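Data first, discussion second: the structure below is written as C-alpha cells.
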Amino acid sequence: MSQLKEPEVKIIEAAKQVFLEKGLENARMRDIADTAGISRTALNYYYRTKENLFYKIIEEILEDIIPHFESLLSKDTLSFQERFLDIIDVYADFLSCNNVVPRFILMEIHRHPQTLFDFVNTNPKVKKYLQLLHAMLEREVENKNIKELPIEELVILFYGLLFVPYLMDPFIKEFFLNEESKIEAYHRNHLENMKQVLLMFLSTKTLN
C-alpha cells in the first residue's frame, strides 16, 4: 500500500473484511476498530467516518493498478491488441493477489451503487484512465480495427468475464477437489478464453 503507516495498513485490511461481510451501510466504525485490534480513538485519528475509509480502500485498489494501465495506454509503439491483452494481464495479476476485490465491488454495487458511481465520476485518476481508454477505442474504431459499440456493453462484458472465477471461487475449489494444480490450470485457461472472447467481440468480422 502506498506510503501508509503500519496502523493505517491494519485499519484498511480490517475495513475490507468488515465491508465485505456487512457492506458500507451496515458496517460500524467499532467493528472495524475491533477487527484491527485498535481503539476507536485510534481509528478516529486516521479516519473520522466509514465513508472516508471506504473511499480510501477504493483509492488504494486503484493506485495499485491504474499507473500500469496509463503506461500501457500511452504506448503508441504497441498495437491495440497488444495493449488490450496486456491490460487484461495486469488485472489478472492484481486479482490473483487480491481475490476478494471482485466480491467486495459487486456487493457494494448491489448495496450502495450510487457511492461507487459517484466515486468513478469524480476521482481524477479514474477519469484520466477512462479518458485514455476511450481515446484508444475511438482511434481503433476510426481506423476500422474494431467495431463501434457502446462502452457500457464492453465494460460489463469485460468485468463480468474477469470477475466470475473469483466470485465462483468456493464452487471451483469444490469442483476440482481443492487440487491447486487443477485450479491454477483452470484460471490460466479462463484467462486465455476471456482474451479470445473479447477480441472476437471487438472484431469487425462477423460470424457466419
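Brief remarks on what is shown
- Of 78, 62, the sequence from fewest to most neighbouring Cβ atoms within 10 angstrom is 78, 62.
- The label-point distance for residue 17 and residue 186, in a model that sets each label 7 Å from Cα toward Cβ, rounds to 2.6 nm.
- Taking 0.36 nm per residue of separation and subtracting the current Cα-Cα distance, fully stretching the chain between residue 45 and residue 93 would add 13.9 nm.
- Taking a sphere under 14 Å around the Cβ of residue 180 and counting the other residues whose Cβ falls inside, with K and R at +1 and D and E at -1, yields a net charge of -1.
- Among the trypsin sites (Lys or Arg not before Pro) found in the range 9-87, those both in a DSSP coil and sparsely packed, with 16 or fewer other Cβ atoms within 10 Å of their Cβ, are 28, 48, 75.
- Taking the fewest neighbouring Cβ atoms within 10 Å as the starting point, the ordered list for 177, 199 is 177, 199.
- Extended-chain gain in nm, criterion 0.36 nm per residue less alpha-carbon gap, residue 169 and residue 157: 2.4 nm
- On the basis of the beta-carbon distance and an R0 of 25 Å, residue 63 and residue 141 show a calculated FRET efficiency of 0.25.
- Per DSSP, loop GluC sites (Glu not before Pro) in the range 70-179 with at most 13 further Cβ within 10 Å: 148, 179
- Size of the range 58-202 from its Cα atoms: along the principal axes, largest to smallest, the extents are 48, 33, 24 Å.
- Spatially near lysine pairs across the range 58-202, Cα under 30 Å, sequence gap of 8 or more or different chains: 20
Read-outs throughout are calculated quantities, based only on the coordinates presented, and are distinct from any laboratory measurement. Remember, it's a predicted structure, so these values are computed and weren't measured experimentally. Cβ atoms come from the backbone with ideal geometry, glycine included; neighbour counts cover every protein chain shown.
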